[in-house]
Amino acid sequence: MSAYSPTDVARQLAGGLLSFPVTHFRPDHGFDEAAYRENIGRLGGFGAAGLFAAGGTGEFFSLTPAEVESVVTAAAQEAPAGVPVIAPAGYGTAMAVEMARSAERAGADGLLLLPPYLTEADQDGLAAHVRAVCAATGLGVILYSRANAVFDETTVAALAEDCPNLVGFKDGVGNIEKMTRLYARLGDRLTYIGGLPTAETFALPYLELGVTTYSSAMFNFVPEFAMRFYRAVRDHDRAAVYRYLDDFVLPYCDIRNRRAGYAVSIVKAGMKVIGRPAGPVRPPLVDLDESELAQLADLVERLPEQPR
């Protein structure tokens, strides 16, 4: 059983930067558990407020349910004290319920509910999906609103009323009006997480909407820079934020935007650049080519010294 109540998890995540570790694969695409465990221990030393195992950056979409449980178990065992581990759940409702129960077995402290697989659904169907998952677990649940599961503020408000363990809302859409309406309706009832690709790009304006934290994929390979950026955002240091954006984040996004799926691939490339390779991405994603890898290496090299 988790040492964190749902409320504890929400409070902890709201107060710091969130780490979304890559999942390490061998050249044959099998899970490299030893390398993954070592990396979780390394990342634990840089001050993240929470660790989201097997999330989007961790290639959840390419893992079997058994592999997800293995990844979450490893993360829960290696994460330092005081850093809650959040497990994923997704696909159809029955599968998501099973994954919620699996997360508890694996030692997770909370749950990130990703969009259902493939099919579109209206607000009533999405609400039923969330209610079923929340009812299946005592863990705090965070909604991920994106793609085919975009929640409006009326639905989220009803869910917050019905599901005490619904504690967070992660935005992967970028609709300012929707976020304004949601925060105006619910205030601090939920913890709000920025979840757009390379969330650093949106972190400063989103802070004004009540979004106090975000998922940092680049924390995997430039953790000290990621933490400096986060502190500048929370300090409302506009000059520093825009300097960091211009020097690193936006050129990084230029590489990321070259192919679909590069939001994940570029993070594994970053691991390779710093001498801590995490293996290839699994299909249907593709890795960066050598030219793109060299450009990323040049960006990282120009940052102040990063720990390896």
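Highest-first packing order for the peptide set 29-35, 133-139 is 133-139, 29-35, based on the mean count of other beta carbon atoms within 10 Å. In the calculated pair-distance distribution of region 1-140, the portion above 28 angstrom amounts to 15 percent of the Cα-Cα pairs. Residue separation of Asp237 and Tyr117 scaled by 0.36 nm, minus their Cα-Cα distance, works out to 39.3 nm of gained length. In the neighborhood of Gly16, defined by Cβ-to-Cβ distances under 12 Å, what is the net charge if each Lys or Arg adds +1 and each Asp or Glu adds -1? Its environment carries a net charge of +3. Here the dipole of region 6-236 is about 400 debye; that uses its Cα centre as origin and unit charges on the Cβ of Lys and Arg (positive) and Asp and Glu (negative). Isolated Cys in the chain by the 4.7 Å beta carbon test? Among the cysteines of the chain, those whose Cβ sits 4.7 Å or more from every other are Cys253. Three principal axis extents of the chain based on alpha-carbon atoms, in descending order, are 50, 44, 37 Å.
Other residues whose C-beta falls under 13 angstrom from the C-beta of Arg189 contribute a net charge of -2, scoring Lys and Arg +1 and Asp and Glu -1. Computed on the chain, with alpha-carbon pairs under 8 angstrom and 6+ residues apart, the relative contact order is 18 percent. Under the combined filter of DSSP loop state and at most 15 neighbouring Cβ atoms within 10 Å, region 43-150 retains none of its trypsin sites (Lys or Arg not before Pro).
Our note on the geometry: Cα centres of region 239-261 and region 170-200, 21 Å apart. Each principal axis of the Cα atoms in region 74-189 has its own extent, and those three values, largest first, are 40, 29, 25 angstrom. The label-point distance for Arg37 and Asp162, in a model that sets each label 7 Å from Cα toward Cβ, rounds to 4.2 nm.
What fraction of the Cα pairs in region 139-283, stated in percent, has a spacing above 22 angstrom?
45 percent
Treating the Cα atoms of region 121-206 as identical point scatterers in vacuum, please give the log10 of the normalised Debye intensity I(q)/I(0) at q = 0.11, 0.16, 0.19 Å⁻¹, two decimals. For region 121-206 at q = 0.11, 0.16, 0.19 Å⁻¹, log10 I(q)/I(0) is -0.27, -0.59, -0.83.
Each label point was placed 7 Å from the Cα along the Cα-to-Cβ direction; for Leu250 and Asn148 their separation is 3.6 nm.
Since every read-out is calculated from the coordinates, none of them should be taken as a lab result. Predicted model, so just to flag it, every value in this text is computed and none were measured. Every residue, glycine among them, receives a Cβ derived from its backbone with ideal geometry; neighbour counts consider all protein chains shown.
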